[in-house]
Amino acid sequence: MTPFKIAVVVGSLRKNSINKQLAQALAKLVPSDFLFESLRIDDLPLYNQDDDGQPSESVKRMKSQISASQGVLFITPEYNRSIPGVLKNALDHGSRPYGKSAWNGKPAGVMGASVSPIGTAMAQQHLRNILAHLNMPTLGQPEAFIHHQDGLYDATGNIGPDSLKFLQGWIDDYMAFVKKNT
């Protein structure tokens, strides 16, 4: 059986991003009939509608990966109470030109990690608004506002025991959501 491909979009470019860490740890929790594939967004040019007729190779690559996926997992930090510009840029590229959105109908999951106790709540809410406009059914519950603190990971980078039950449950719920919506 061909595995369900999940395009994983991390809204951070930082080398030691805690959200990249989270994405890597979550990939270890998926069942064998799912495959996480990181979506590269750091090389996309700034979105310009003038380029819709001749998108760059990096835009074509990203849209092709989205189209080949059965779902999209967004893992994002929060910048100034919203999503990072690099993530918004990727969303804009993937949705254009009008009527040719690669995001359309893809089941989405949303989460993020932050050193703040409220996690990435505002960024996630803004992202959910955008995903609704892009016609992406989005897992509503459980929400995952991850407080990045000691104990989130063990010494080998796996999800630590205090967070494992919740995050495994979230992954299981999202995988079921993808199967239901594809």
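The values are calculated or read from the model by the stated rules, or taken from the named source; none is laboratory data. All values reported here derive from a predicted model rather than from experimental measurement. Here the Cβ is made from the backbone with ideal geometry for all residues, glycine too, and neighbour counts use every protein chain on show.
Miscellaneous remarks
- Checking G151 against (1) touching a helix residue (DSSP H, G or I) at 6+ places or on another chain (Cβ under 7 Å); (2) touching a residue at least 60 places away in the same chain (Cβ under 8 Å); (3) more than 25 Å from I41 (Cα to Cα), the condition it does not meet: (2)
- Note on the range 127-156: residues that are aliphatic (A, V, I, L, M) and in contact with a Pro (Cβ under 9 Å, 6 or more places away or on another chain) total 3.
- Some residue of the range 117-126 being farther than 24 Å from K28 by Cα, in a loop (DSSP other than H, G, I, E, B) and touching a strand residue (DSSP E or B) at 6+ places or on another chain (Cβ under 7 Å): yes
- When restricted to residues that are within 14 Å of the chain's Cα centre (by Cα) and buried (at least 19 other Cβ atoms within 10 Å of the Cβ), the range 21-35 contains 4.
- Within the range 127-135, one or more residues are part of a loop (DSSP other than H, G, I, E, B), over 19 Å from N19 (Cβ atoms) and aliphatic (A, V, I, L, M).
- Evaluation of I66 against (1) among the hydrophobic types (A, V, I, L, M, F, W, C); (2) surrounded by 12 or more Cβ atoms within 10 Å (Cβ to Cβ); (3) at pLDDT below 95 (one fails), failing number: (3)
- Extreme residue, surrounded by the fewest Cβ atoms within 10 Å (Cβ to Cβ), among residues of the range 143-182 that are outside any helix (DSSP H, G or I) and hydroxyl-bearing (S, T, Y): T156
- Count of residues meeting criterion [touching a Phe, Trp or Tyr at 6+ places or on another chain (Cβ under 7 Å) and of a type in the set (D, E)] in the range 92-150: 1
- Top-ranked residue of the range 38-80 - restricted to ones that are polar (S, T, N, Q), touching a Pro at 6+ places or on another chain (Cβ under 8 Å) and assigned to a loop (DSSP other than H, G, I, E, B), ranked as farthest from Q24 (Cα to Cα): S56
- Test for S32: is it among the hydroxyl-bearing types (S, T, Y), touching a residue at least 40 places away in the same chain (Cβ under 8 Å) and in a loop (DSSP other than H, G, I, E, B): no
- A113 being assigned to a loop (DSSP other than H, G, I, E, B), surrounded by 15 or more Cβ atoms within 10 Å (Cβ to Cβ) and not charged (D, E, K, R): no
- Any hit, the range 81-88, residues being assigned to a strand (DSSP E or B) and of a type in the set (A, V, I, L, M): no
- Matching residues in the range 109-129 - criterion: being more than 20 Å from Q70 (Cβ to Cβ), in contact (Cβ under 8 Å) with a residue 12 or more places away in the chain and either polar (S, T, N, Q) or in contact with a helix residue (DSSP H, G or I) (Cβ under 8 Å, 6 or more places away or on another chain) (or both): G112, A113, S114, V115, S116, T120, Q124
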